[in-house]
Each structure stands twice: as structure tokens, then as C-alpha cells.
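Enquirer: Got a structure for you, questions after.
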Amino acid sequence: MAAESSPHISMNTIKFKSHELFGEYITKHELPRKIFHSSIGFITIYLYTLGYDYTKIASVLSIAFVIILILDMIRLNWHGFNWLYCKFVGMLMRPSEINKLNGVLYYILGLIFSFGFFQKDICLVSVMLLSWSDTAASTFGRKYGHLTPKIARNKSLAGSLAAFVVGVVSVYLTYGLLLPAYPHLNSNQDIKWHPETSRFSLNQISLLGGFVASFSEGIDIYNLDDNLTIPVLSSLFFAFVTSF
């Protein structure tokens, strides 16, 4: 009787809707999840070009966090709702998240930290590193990780190198192309790094961005989700290095 009343769902008793729509290959490689993950970076850039007030984003994200957390609490204690939830939203989830908190909560929490405490350029960089470097690390780590040494739990050198390269490119594009293209959107108070006053050049700050992307994605801190560690560590790191 205890087994029947358990709210837990076995991976063998549920077939994600994405399995039915796209087949096992798409789900195995988490393509819907990765597309959604990467799209946040492009959405953030689009909002920036529209001049959206970045100081309001933390409040919006906080509301989203509370809503998703409540839904997770309900589904983790209600077998039927969890089954239905995973059936249709499962394409954006990992199978391991069926019976535990959704990874998107850590994603949102990390962004709340960035947008709640740091300047606009640091927020932009943190989003891009989370959105693109993390996706690159996961993609290349899954495909080539077996060819390179492991550097942490479920983390490979191949994934960390991919995160580094994408991190360098992301920071360079942010400071070298995006921000200079919209000078009317950037006040001195909103932007922490200035090429005229900073100790680090554009190339140097980009290399540092690659380093923190690789480090924050690859490090294992008390088994914390990298959706949380990447924006937190990258925000703190950039706030520090741009102070010189």
C-alpha cells in the first residue's frame, strides 16, 4: 500500500511528450532544453536593445521563481499532477528532475542574484555565460567528454574548454560590439567596465570571461547546480576585476 501512495514517479512509468513529438534522439541530447537555455541570452540582448530597465528584471524573475516553486511543491506531493506536468513540460526537464526541484529554479535564482545586485554590463555578461557557455560545455562534454580527462563530477575537460571559448567570444561581443552600438542606453553608473579607465583591455577582460565561464561551469561546490553557480560566480568575479 505504501508503494501505491508514494508521490514518486519512476522514469519507466512516464514517457515525456517530447519522446512522442521528436523521438528518443532529441530527448537524449536535451535539444529542446538547450534551445530554451540558449534563447535566454538572445532574449536578454533584445530587451537590452529596446532599452528595457534592467533593474526591474529581478522583480519579474522573483515572481516567476515563486510561481514555479509552488508548482514544483504541488507536483512533488501529488502524483497525478506530477505525471501531467512532466508529460507536457518534460521536454524542458531532465529525467532526474521528475522527483526533485526543476533545474529552471536554479537558473532563475542565479539571474535574480545578478540583476538584483550588479550593473547592466555585468548582468549581460552573466546571462550570456550562463546561456551560451553552459550550453556549449554540456554539448561538447556529452559528445567529446569521453576523450578527455574528467575535472569534476560529470565535468570533462572538453566541456570546460568549450565553455572557455564561448565565454571569451561572449564577453568580447558584449564589450566590443553590443555596448558600443547602443551608447545612448549606457550611463556611467550602469556600466562597470570602461576601456578608458579599466586596468584590463578588451582582449584581457574577454580572456578573463572565458576563464570564469570555464571555472564556474566546471567547479563542484557542494553539488550546487551550475545554473546557480555560473551567474553568481561570474557576477562576483566581474564586479571584482572591473574595479581595477
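The values are calculated or read from the model by the stated rules, or taken from the named source; none is laboratory data. Since we're looking at a predicted model, the values are computed, not measured. Here Cβ is always computed from backbone atoms with ideal geometry, including for glycine, and neighbour counts include all displayed protein chains.
Enquirer: Determine which member of the set 68, 45, 63 is at pLDDT 95 or above, surrounded by 14 or more Cβ atoms within 10 Å (Cβ to Cβ) and hydrophobic (A, V, I, L, M, F, W, C).
Expert: Values: 68 fails: at pLDDT 95 or above; 63 fails: surrounded by 14 or more Cβ atoms within 10 Å (Cβ to Cβ).
From the options 68, 45, 63, the qualifying one is 45.
Enquirer: Under 6 Å between Cβ atoms, at least 6 apart or on separate chains: pull out the pairs that start in region 221-244 with a residue that is of a type outside the set (Asp, Glu) and end on any residue that is part of a helix (DSSP H, G or I) and surrounded by fewer than 21 Cβ atoms within 10 Å (Cβ to Cβ).
Expert: That search, which allows pairs on different chains as well, returns 227/106; 228/106; 228/109; 232/113; 241/208.
Enquirer: Now a separate question. In region 174-198, what residues are in a helix (DSSP H, G or I) and either of a type outside the set (A, V, I, L, M) or in contact (Cβ under 8 Å) with a residue 24 or more places away in the chain (or both)?
Expert: Filtering region 174-198 for residues in a helix (DSSP H, G or I) gives 174-181, 183-185.
Residues satisfying the conditions are 174, 175, 176, 178, 179, 180, 183, 184, 185.
Enquirer: Can you find a residue that is assigned to a loop (DSSP other than H, G, I, E, B), in contact (Cβ under 8 Å) with a residue 12 or more places away in the chain and farther than 24 Å from residue 44 by Cα anywhere in region 128-144? Walk me through how you get there before you give the answer.
Expert: So the first thing to find is which residues in region 128-144 are assigned to a loop (DSSP other than H, G, I, E, B), and the list is none.
The answer is no, given that none of the residues of region 128-144 is assigned to a loop (DSSP other than H, G, I, E, B), in contact (Cβ under 8 Å) with a residue 12 or more places away in the chain and farther than 24 Å from residue 44 by Cα.
Enquirer: Okay, next question. Could you grab me the full set of residues in region 86-116 that are at pLDDT below 85, touching a helix residue (DSSP H, G or I) at 6+ places or on another chain (Cβ under 9 Å) and in a helix (DSSP H, G or I)?
Expert: 86, 87, 88, 89, 90, 91, 92, 95, 97, listed by residue number.
Enquirer: Then there's this: Tally time: how many residues in region 212-231 are surrounded by 16 or more Cβ atoms within 10 Å (Cβ to Cβ) and within 17 Å of residue 164 (Cα to Cα)?
Expert: Going through region 212-231 one residue at a time, the tally reaches 13.
Enquirer: Can you find a residue in region 216-233 that is more than 21 Å from residue 46 (Cα to Cα), touching a Gly at 6+ places or on another chain (Cβ under 7 Å) and not in a helix (DSSP H, G or I)?
Expert: Yes, region 216-233 contains a residue that is more than 21 Å from residue 46 (Cα to Cα), touching a Gly at 6+ places or on another chain (Cβ under 7 Å) and not in a helix (DSSP H, G or I).
Enquirer: Continuing with the same structure: Given the residues 116, 80, which is the only one that is surrounded by fewer than 22 Cβ atoms within 10 Å (Cβ to Cβ) and either in contact (Cβ under 8 Å) with a residue 40 or more places away in the chain or touching a Gly at 6+ places or on another chain (Cβ under 7 Å) (or both)?
Expert: On the way: 80 fails: either in contact (Cβ under 8 Å) with a residue 40 or more places away in the chain or touching a Gly at 6+ places or on another chain (Cβ under 7 Å) (or both).
Result: 116 is the single residue among 116, 80 that is surrounded by fewer than 22 Cβ atoms within 10 Å (Cβ to Cβ) and either in contact (Cβ under 8 Å) with a residue 40 or more places away in the chain or touching a Gly at 6+ places or on another chain (Cβ under 7 Å) (or both).
Enquirer: For region 234-244, which residues satisfy the criterion of being farther than 17 Å from residue 58 by Cα and of a type outside the set (S, T, N, Q)?
Expert: Residues satisfying the conditions are 237, 238, 239, 240, 241, 244.
Enquirer: Scan region 75-119 for residues that are closer than 23 Å to residue 59 by Cα and of a type in the set (A, V, I, L, M) and jot them down.
Expert: In the first step, residues of region 75-119 are kept if they are closer than 23 Å to residue 59 by Cα; the result is 101-119.
Those that are closer than 23 Å to residue 59 by Cα and of a type in the set (A, V, I, L, M): 101, 104, 105, 108, 109, 111, 112.
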